[in-house]
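Quick notes on the structure that follows.
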Amino acid sequence: YEILDELYACENINKNISNDIKTLTWDSDGNNKKSFDCKIKESFRCQLYHHIVAYQYLCESEIDGIKLYQKPLTVEMILHTHKLLMENAVNSNGKRICNGEFRTHSVCADSYVYMHYEDIP
């Protein structure tokens, strides 16, 4: 929680977090013990950074003076949130995740298998 508190306390997270943290890869499968570019703590910090940016987009952004969360959820909002959320994420083989677009293949995280891509409405 210490890392989360530190990151979320930033008034402008993009100005207060180093570019190193923003650009590190992180294991989307949650296997940070075998992280690719960074130490475990840095990997968690990187992952949390991207999650907080996605959260701030959904909960704090405004369009025409109206908070985004008060508007109907759109495909564009979902894709943009996913792009922010999964930025620099890699799979267990170290390959970058295609973030911000609908997937065209099956995926899993560790032993959890996500909904088949053809079943996504």
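Laboratory data are not the source of any read-out in this text; all were calculated from the coordinates shown. This one's a predicted model, so the numbers in the text were calculated from it and none came from an experiment. Here the Cβ positions follow ideal geometry from the backbone for every residue, glycine too, while neighbour counts run over all protein chains shown.
What distance in nm separates the simple spin-label points at residue 105 and residue 70, each placed 7 Å from Cα in the Cβ direction?
4.3
Once both labels are modelled 7 Å past Cα along the beta-carbon direction, what's the residue 96-residue 117 spacing in nm?
For the pair residue 96/residue 117, the computed spacing is 1.7 nm.
Which cross-chain or sequence-distant (5 or more) residues have an amide H under 5 Å from the amide H of residue 89, H modelled 1.01 Å from N in plane?
Under 5 Å from the amide H of residue 89 lie the amide H atoms of 26, 97, each far enough along the sequence or on another chain.
I'd like to compare 59-72, 98-111: which one has the highest average count of other Cβ atoms within 10 Å, and what's the full order after that? It would help to have the intermediate numbers written out before the result.
Details: 59-72: 10.2, 98-111: 11.9.
Ranking, from highest mean packing down: 98-111, 59-72.
From the phi of every residue in segment 44-60, what ³J(HN,Hα) in whole Hz does the Karplus formula 6.51 cos²θ - 1.76 cosθ + 1.60 yield, where θ is phi - 60° and glycine or proline is x?
Taking θ as phi minus 60°, the curve returns 4, 4, 5, 4, 5, 4, 5, 5, 5, 4, 5, 4, 4, 4, 6, 9, 10 Hz for segment 44-60.
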